[in-house]
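A short worksheet on the structure shown next.
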Amino acid sequence: MQRILILVAVLYLAWRLLSAWGKRIAGPGRGADEFSRFSRRRARRGDGEEDTPGEELVPCDGCGTYIPENKVVTSPDGGTYCSHTCAVAARDDGSS
C-alpha cells in the first residue's frame, strides 16, 4: 500500500512540473502591443528611433524638408540632405 501512495505522489509531482514547464514555454504570444509605437515596452527600451524633444531641425539643401540634426546626410561639398537619394539628385542637378 505504501508503494502505491509513493508512486501516486511521484506521478502527481511529475505531472505538476511538466504542466508548469509547458505553460512557461508556450508563454503569451506576440500581440498588437509588440508592434505599437505607443507600447510601454518600446518606450522603456529607448531604442532611439524617436526624435528627442528640442532637437535642432535643419533644412535639406535639395528638397527643403526639415529633418533632425542626427539624421542629416552630409555631402563632401558640405551640403546637408535628408537622404542619400536627395544628395545624389542635387549633385546630378548641379553638374548638368
Amide H of Ile67 versus every other amide H placed in the peptide plane: which residues, excluding those fewer than 5 positions away on the same chain, fall under 5 Å? Val58, Cys60
In nm, the gap between the two label points placed 7 Å beyond Cα toward Cβ at Ile4 and Leu57 is 8.1 nm
Please list 15-22, 57-64 highest first by mean number of surrounding beta-carbon atoms within 10 Å per residue. 57-64, 15-22
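Values quoted throughout were computed directly from the atomic coordinates according to the rules given, and no laboratory measurement underlies them. What you see is a predicted model, and the numbers here were worked out from it, not measured in a lab. Cβ: placed from backbone, ideal geometry, glycine included. Neighbour counts: every protein chain shown.
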